[in-house]
Amino acid sequence: MGKDVIIALDFPSAAETFRFLDLFQDEKPFVKIGMELFYAEGPSIVREIKKRGHKIFLDLKLHDIPNTVKGGMQSLRNLGVDMTNVHAAGTIDMMKAAIEGLTRSDGTRPLLIAVTQLTSTSQERMEKEILIEKPLNEVVLQYAKNAHTAGLDGVVCSPLEAGMIHEGVGKDFVTVTPGIRFADDAKGDQVRVTTPAKAKEIGSDYIVVGRSITKAADPVAAYRRAVEEFVTV
């Protein structure tokens, strides 16, 4: 699995998104379109960014009954994205339905991954607010195993958990890890975080970097720094 840096396009409009992407004259970074941008602009933003030559991770985290998720994936499967996701908490049957809906008539589909636990979730919050009393790592690993059983390609997890998942599920099982900050950045609202270099050492396949790039004084330089730390060093 080739390593790559995915930039989170957490912008409220197409205009701001394209102003940001226009900064990149020599690169076509892999980008993530999440709820904020997709809900504001709809499928057209995906098609336009794809036309510009970017790989796209469509991060909508579908989580509903199996039939509804299947229908949702049917609506997304022809957008040309390279990766999309569901919540692993939706159960194995829901994840199987997601694959069925995402698969095109010719048998092809984007990579499908499952969110284990959000990187803003701590052990304390998981126990007190959603009443899961198992250790966080155990929960994440079980969710990853469920995703693998359902036939998914990988998971979204904290970079701190990537190595554990590769050991417990398999080296070819993709780990996509948000919660990435440079050593001199603030953590923001995420609690299970690390640097690009440490994520590479632990075993992340893809890192998702948002504010450390998009809010940087020089976003292109920040992106190149992330690539250097995670991919080329």
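The values are calculated or read from the model by the stated rules, or taken from the named source; none is laboratory data. Only a predicted model underlies this, so the values are computations on that prediction, with no experimental measurement involved. No Cβ is skipped: glycine too gets one built from the backbone with ideal geometry, and neighbour counts run over all protein chains shown. We work out accessible area using only protein heavy atoms, side chains counted, and drop any ligands, DNA or RNA first. Shrake-Rupley method; radii C 1.70, N 1.55, O 1.52, S 1.80 Å.
Note on Lys70: aspartates and glutamates with a C-alpha under 14 Å away, same-chain residues under 8 apart excluded, are Asp93, Glu100. Net length available on complete extension from Asp184 to Ala40 is 48.7 nm, with 0.36 nm assigned per residue and the Cα-Cα distance removed.
Extending 7 Å from Cα along the Cβ direction at Ala15 and again at Thr232 yields two label points whose distance is 3.5 nm. For the set Asp172, Asp106, Asp10, Asp4, solvent exposure ranked by accessible area (probe 1.4 Å, protein chains only) runs largest to smallest as Asp172, Asp106, Asp10, Asp4. Solvent exposure of Leu160, expressed as accessible area, is near 90 Å², computed with a probe of 1.4 Å over the protein chains only.
Solvent-accessible area of Ser75, all protein chains in place: 90 Å² (probe radius 1.4 Å, heavy atoms, ligands and nucleic acids excluded). Here the accessible area is traced with a 1.4 Å probe on the protein chains. For the chain, carbon and sulfur cover 49 percent of it. Separation of the alpha carbons by more than 27 angstrom is noted, of Lys3/Lys215; Lys61/Lys128; Lys61/Lys134; Lys55/Lys198; Lys28/Lys96, for Lys28/Lys96. Helix-only arithmetic for the chain: the sum of -39500 (n - 2.57) across DSSP H runs with n ≥ 4, divided by the residue total, places the mean residue ellipticity at 222 nm at -11500 deg cm²/dmol. Sorting Glu124, Glu167, Glu201 by accessible area puts them as Glu167, Glu201, Glu124; the probe is 1.4 Å, largest comes first, and only protein heavy atoms count.
Across region 154-169, computed HN-Hα scalar couplings (Karplus, 6.51 cos²θ - 1.76 cosθ + 1.60, θ = phi - 60°) run x, 9, 9, 8, 5, x, 5, 9, 4, x, 4, 5, 4, 5, x, 10 Hz from first to last residue, x flagging Gly and Pro.
In a fully extended conformation the segment linking Asp172 and Ser120 would gain 16.1 nm over its present Cα-Cα distance, using 0.36 nm per residue. Fully extending the segment from Thr149 to Val220, taken as 0.36 nm per residue of separation minus the present Cα-Cα distance, adds 21.7 nm. Between region 216-233 and region 1-53, the C-alpha centres lie 17 angstrom from each other. Placing a pseudo-label 7 Å from each Cα along the Cα-to-Cβ vector at Ser75 and Leu23 gives an inter-label distance of 3.2 nm. The residues of the chain expose, per residue, 46 Å² of accessible area to a 1.4 Å probe. Throw me the Rg/Rh for region 119-180, computed over C-alpha atoms with Kirkwood Rh, two decimals. In region 119-180, Rg relative to Rh is 0.97.
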